[in-house]
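Laboratory data are not the source of any read-out in this text; all were calculated from the coordinates shown. For clarity, every value in this text was computed on a predicted model and none was experimentally measured. Ideal geometry is used to build each Cβ from the backbone, glycine not excepted, and the neighbour counts take in all protein chains shown.
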Amino acid sequence: MTRIRILPEILSNKIAAGEVVARPASVVKELVENSIDAGSTRIIVEIEQGGRKLIRVSDNGQGMGRDDALLCLERYATSKIATDPDLFAIRTLGFRGEALPSIASVSRFTLISRETDADVGTQIEVAGGRINKVSDAGAPPGTLITVAGLFYNTPARRKFLKSIDTEMGHIADTIASMALCRPAVQFRLSHNNRIVKSWAPAAEPMDRVADVLGAAIKKELYTVDRATADIEVSGWVASPRMNRSTARGIYLFVNGRWVKDRVIQHALFAGYSGRLMKRQYPVSVLFLRVPFDQVDVNVHPTKHEIRFVRQKMVHDTVRDAVVDALRQSDPTRWKANEPRSTELVQGPATVSEPHAEYEMPSTHDHSFTQVGDAVDRKAASSDHAAGAENRQKSVPSADPVTIPAPPIDPTACYGKPAHQALLWKPRFFADLTVIGQYKGTYIICESQDGLMLIDQHAAHERIVFEQLKRHYNARRPAAQRLLLPETIDLGFRETHILEKLAPELDRFGLEIEPFGGNTFVVKAVPTLLDSSGISGLVTQLVEKTAELGVGAEMETILDECLMVMACHNAIRAHQQLTGTQIKAMLEQLDACDNPSHCPHGRPIWIQWRVKDLEKQFQRIV
Ligand SMILES: Nc1ncnc2c1ncn2[C@@H]1O[C@H](COP(=O)(O)OP(=O)(O)OP(=O)(O)O)[C@@H](O)[C@H]1O
Ligand SMILES: [Mg+2]
C-alpha cells in the first residue's frame, strides 16, 4: 500500500490560501488586482468588521460568462498567461491562477459576474471551497465578489487576525497603494457602511498623489524623473522634513505593480542619505518601468517580491534619480533653476514652492558626542597644548577661519562621479545678508525670501565632511606629520578592525601603523583635522566600525568614520564667530553637495518666508 497520496483540491487550495491570504487586506489586494486586470474604471470596496465579517469588491470591468466564472474557481485557471514564454513577460497583475480558489476555500464566497454584452449574469455560491449553487442573476456589467466569514473553517488562522482597526489600516494602505498607481480609476472604500475614502478619477497622477498622501504634502514633493535605455524611474520624493517614523509612506511600483522590494528601498534610502536621521523614513512614491523580461514577478505567491535581472543597475539608477530630485530642495538649487534676471527678486520659492509655512525641521532631539571643540586649526596643529587651550576660549575676533574653501569637485560618493549638473554651483549662502549670531549657536541671515537661521555646528560638520570626502576621492590628502606620534592601545577585536581600516583611513591622510601587539601609532593627521585628542578619535572610529558589524560595506563604514571626524572638528554651539569666519563658512556651504543637512541628517537651516511672517503679524490676511 502506498503512503503518499495526491491531496484533494479543496485541501491544496487551503494550503495555497496559507500563503496568498494572510489577512483581510490580502483578499482585498487580490480582488482589486483582478478588477484592475479586467480593465475596470470604477472599483468599490466594502468592508465590515475590519474584513472579518465581510469583504465585497465590485467593478465595472469586462466580467465573465458562466463557463469562465466556473473555471476561475479552479486552481491554476487563468486567462492571463498561456505559454511558457508568457511567464517571463508578465504584463498583468495576476498570472498564477490561484487567488480566487484560495480565497473561496477559506470563506463563504459569492461571485456575481456579467460580461458587458451578455443579457444575464451568473451567480456562484461557494462555502469552504465547495460550490453550492450556480444560477443566473440580474446584474450590471462587471464583477461583484463577496467574501464573508474569512477563515471561518480555519480557526487557527482566524486567531491571528488583529484588531478591527489594525486590519482596516492594512486594507486602507492596500487601496491607497492601488489608487496611487492607477490614477484614472475611481476607488471607494467603506467600512461598516460608512465611506472611508473616495478617490475620483484623477486627470493628473499628481492629483491622485495629493489625494492619497494629503494635500499638505503636495508642496513638499520633488519630481523624480530619469530614463535610460534600460529603465525609467519617475514619481515623487518628499522633502526630508516630511519624514515619518515608519516605512508606511514609501510606495514602490514596478511596471504598475505595487511591490515591497528591498533593492529599491535600499536605493531610496541611499538617495536620501545624509538628509534623514536614524529611524526616520522618507515619504516617496516611485514608479519604475523596466522591460517585462527584465523582472521576475514569480518569486512569491503574494507577488510583492520581485527579482531584477540587473539589480545593481536598477539600484544605482533609482539612487541617482532620488539624489537628483532632492537637490531641488537645496536653496542653491532654487537659485540654480531661476532665470538670472530681475525676476530673482521673487525669491527662491518661486521655482519649487517648497516651503509654505514655518521652515521648521521636524526633529530637534539630536545630541552629538562631544569629542572636541576646535575651531582654530592652525593653532591646534602647530601646538597641541595651545590648541587644546584655544578650544576652551572663544575665537579672537581677528582670527580668520582657517579652513580653506574646498575646490568644486565633481565627485559625490567614494570614487563615483556625481551628476554633471553639479559642476556649476551658484552662490546662495554667500549672498545672504548676515544679521548676527544668536546664542553663539545660530547665524541669523536675511535671504531674498525671508529670515533664515543657520545652525553653525551642523553647517560646519557638513563642510568638513564633504571636504574630507573630496580629499579621499582625490587621493591627495593634505596631511601633517606629527612631531610626536601618538600611540593607541586597543582590545583584541578592535585591533583586528583597525588593521583592516587603517589602509582606508590612510586615504584621508590619517596614517596609522601597527606597533606590535595591540598597539598602534598615529603618524600623520589630515590637515583638516585637529590633531589633539587624535587617539580618542581613532578609538571612536574603531568603535563605530564595530557597531556597524562585520557585514557592513566599506562605503558605509567610511561615511560613518567621516561623520565622526567631521563632528570632532566642527565648530561647536556657544562659540562666538567673527564676521569673516561666518562669511567663509557660508561660502563653503555653497560648495557643498548637500547644504541642507548635516551628515547625520539634521537640518542645517530653517527659514521663515516674508509672506508667512506678514501673515503672523496680520499685515496681510
Ligand atoms: N473581477 C474580475 N473581472 C473579470 N475577470 C476576473 C475577475 N476576477 C477574476 N477574473 C478571472 O478569473 C481568473 C482567475 O482569477 P485569479 O485571481 O484566481 O487568478 P489570476 O488573476 O489569473 O492569477 P493570480 O492567482 O496571480 O491572481 C482570472 O485570470 C480572470 O480571468
Ligand atoms: Mg488574480
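Here is how the numbers come out for the structure above:
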quantity	calculated
Kirkwood Rh, angstrom, the range 471-609 [1 / mean 1/r, Cα pairs]	16.6
At R0 = 41 Å, FRET efficiency that the Cβ-Cβ distance of Leu613 and Arg91 yields, to 0.05	0.20
Filter on Lys260/Lys312; Lys14/Lys197; Lys80/Lys303 - keep pairs with C-alpha separation over 21 Å	Lys14/Lys197
For the range 290-312 versus the range 166-232, the gap between their alpha-carbon centres in whole angstrom	23
Compactness index (Cα Rg / 2.2 N^0.38 Å), the range 198-342	1.08
Cβ-based net charge around Glu560, under 13 Å, with every Lys or Arg adding one and every Asp or Glu removing one	-3
Efficiency of FRET from Cβ geometry, Glu504 and Thr302, R₀ 35 Å, rounded to 0.05	0.30
Average silhouette area of the range 186-272, convex hull of alpha-carbon atoms, in square nanometres	7.4
Arg493-Lys523 FRET efficiency (beta carbon distance; Förster radius 25 Å; 0.05 resolution)	0.60
Largest to smallest principal axis extent of the C-alpha atoms in the range 119-260, angstrom	53, 42, 35
Separation in nanometres of the label points that stand 7 Å from Cα toward Cβ, at Arg42 and Glu513	8.1
The range 536-621, relative contact order in percent, only Cα pairs under 8 angstrom and at least six apart counted	18
Cα-projected label distance for Ala229 with Val550, points at 7 Å along beta-carbon direction, nm	4.2
